[in-house]
Structures are given as structure tokens and as C-alpha cells.
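*Asks:* Starting off with a structure, shown below.
The values are calculated or read from the model by the stated rules, or taken from the named source; none is laboratory data. All figures in this text were calculated on a predicted structure; none of them were measured in a lab. Note: ideal-geometry Cβ built from the backbone for every residue, glycine included; neighbour counts use all protein chains shown. The accessibility values were calculated without ligands, DNA or RNA, using every heavy atom of the protein model including side chains. Shrake-Rupley method; radii C 1.70, N 1.55, O 1.52, S 1.80 Å.
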Amino acid sequence: MNERVVLHSDLNNCYASIETMLHPELQGKYVAVCGSTEDRHGIVLAKNQLAKKCGVKTGDVIWEAKQKCPQLTIVEPHMDQYLKFSKLVRAIYLRYSPEVEAFGIDESWIELTGSPLLSRMSPVEIANEIRETVKSETGLTVSIGVSFNKIFAKLGSDMKKPDAVTEITPESFRTQVWPLPASELLYVGRATAEKLRRYGVHTIGDLAQSDPEYLKRLLGINGERLWVYANGLDNSRVMPCDYEPPIKSIGHGITCTSDLLSREEVYHVLMELSQEIGLKLRKQGLAASGVRIHVRDNSLSHQGYQCKLDFPTQS
């Protein structure tokens, strides 16, 4: 691979793996890390491979996960531990490149283009060395995608799990990537995938071979962007680890421990969330010019509402 080299490394079942490592008695059990475990209204934040095989999914309500997997062991989250291990793993990545961009707590892109390591090792060999180092030093496993851009590197890390390396090259991406469902492509969410499906776009290959102008009319600027990604033309850079992107929005959310049954109950929750957002806006010296509310009910269906404000506010 003579051109750009980007890795995407993903900690396998991050929360559940850390809990199992810290608590050996969980080894061999079906484990799910869940919020609000004091009752059955909490949701699954993460699950291990065994629970995944039973059909347990991130976002399942606890009672729903228990129906799928009666032997499921529920564990409360310990975010301080997850952050600690995330930093330890990222420190390993930084031995290989100064350009390590976090994508959530458990995923990172690593830019290797121009690295002196490439003069004596192939990109796949470097990825395997990182994978083995993470395993030996932290006890956790990662799946790593190796490719010529960020989008396909991310796709590669998802293709083979756990504890694996997948390479996608300029020569192979059409046979490896194009047959996959369009929903596998980064930034194709559920609603976008459904809209594409209605218009006959089922795979990443369908997306790549569509008219970009047609996709732009269908999905706006995002449609054009997805065409670029599907055709392997993404050239976005891996940002250094200390890079802080400009703030485009400020939000706050909560999963309530019980259903909200009256307008008054809803009002109190919205007021609490709004006060926190106002505080964040004032700390950042920003003002909001629009408001968006996202609501999910106990059947996990969701709806969004948004509007522009007549003038910016911190209230």
C-alpha cells in the first residue's frame, strides 16, 4: 500500500470487557452493562459476545434484554474505569503516531501516512502489533481496520470482531465494501437507510453508483457526502489528539427511571435539562439560535421537534 495509511481501532465490547476483566467471576457469563439498574426501566449500554449471540442489543430495555437472555447478568456502569482504560489504550496508539483522533470512548483513528515504521513493517503488521500490545498491557482486545481513508478504516474494524485486523485497499474495496448494506457505512443512520431503501438503494455499491446530484436532492448535502464515502474518495484528516472541534451544538439528555405520565412530570424533566444547557452555554460564552427536543418512549420509538428562535439566547 503505497499511499495514505489510516487505522481505526475499536475496543471490543468495551464496557462489558472491562467489567469482566475487573470481576473475574463474570467470566463465561452473559453480561450486560445497564443504566438505572435499580429498576427495569434502564437500558443496555453494552453487552459481551455471549449476550450479543442471544440477540441482546445496545439500547434494549432491561426487561426486554432479560426476555431474550434469561440468564443475563446485569452490571452497573463504572465510567471512571472505562475512561481510565480508554486513556491507557490511547497512550499505546500514541507510540505509533502523534495523530490519534478519538471517536467516542472506545474508538480511535490512527494516521500512519509517512511514518518511518512503514519502511520496515507493512500496515497490517503494525496493526497486529498494536492489537497484541493492547491485549498484553491492558487485557482488552481491539479490532482494527487498515485502509487508505478514515471511512473505510472504520468499516474495516467493524467487519471482523473480536480481536482481528481487516485491510481494505484501493484495489479491493469494491469487492469488500460495495456488497455490504448501505446502513454499514458511517453516517448512514436508520432513517437515512430507510429512505435510501425506499428509493432502491440497498447496498454501499448502489450508493456509489447512484447519481450524486440525485442523492443531493434526496438527502441534501449529506447525500453528496455519502456518495464520496462510498466511492472511497474521503480525504478527511485524522485530527491530533489534543484537537478540540468548534462547538456546533450543546445538549443534555436523561433516561428516566420510570415512565412520565403527566405534562407536569415532563415539564420538570425538561426544565432540569434546560437549566444544565443554559449553564453550559454561559460557560462557553455562546448563545443558541435554535432548540431541538428528542423524545423516546418506553417502546423505544422516538420523535424529534425543532424550531429556530427569534433571537439567540442563553436561557
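*Asks:* LEU261 is checked against (1) modelled with pLDDT under 95; (2) surrounded by 14 or more Cβ atoms within 10 Å (Cβ to Cβ) and fails just one. What number does that condition carry?
*Replies:* All conditions are met except number (2).
*Asks:* Under 7 Å between Cβ atoms, which residue pairs at least 6 apart in sequence (or on different chains) link something in region 268-296 that is in contact (Cβ under 8 Å) with a residue 24 or more places away in the chain with a partner that is of a type in the set (A, V, I, L, M, F, W, C) and in a helix (DSSP H, G or I)?
*Replies:* ALA287/LEU281; ALA288/LEU281
*Asks:* Output the qualifying pairs, or none if there are none: Cβ atoms under 7 angstrom, residues six or more apart or on different chains, first residue in region 213-237 and farther than 28 Å from VAL100 by Cα and among the charged types (D, E, K, R), second residue at pLDDT 95 or above and open to solvent by less than 30 Å² (accessible area, probe 1.4 Å).
*Replies:* The qualifying pairs are LYS216/GLY223.
*Asks:* Looking only at region 155-171, count every residue that is closer than 17 Å to GLU3 by Cα and of a type in the set (A, V, I, L, M) and tell me the total.
*Replies:* Final tally of qualifying residues: 1.
*Asks:* Just for helices (runs of 4 or more DSSP H) wholly inside region 133-252: which have at least 1 residues that are hydroxyl-bearing (Ser, Thr, Tyr) and open to solvent by less than 10 Å² (accessible area, probe 1.4 Å)?
*Replies:* 150-159
*Asks:* Where in region 16-101 are the strands (runs of 3 or more DSSP E), entirely inside, with at least 3 residues that are buried (at least 19 other Cβ atoms within 10 Å of the Cβ)?
*Replies:* 31-34, 44-47
*Asks:* Out of all the residues in region 159-176, which are touching a residue at least 40 places away in the same chain (Cβ under 8 Å) and hydrophobic (A, V, I, L, M, F, W, C)?
*Replies:* VAL165, PHE173
*Asks:* Now a separate question. Out of ALA193, ALA164, which single residue is of a type outside the set (Ser, Thr, Tyr) and within 28 Å of TYR93 (Cα to Cα)?
*Replies:* Just a single option satisfies the conditions, and that option is ALA164.
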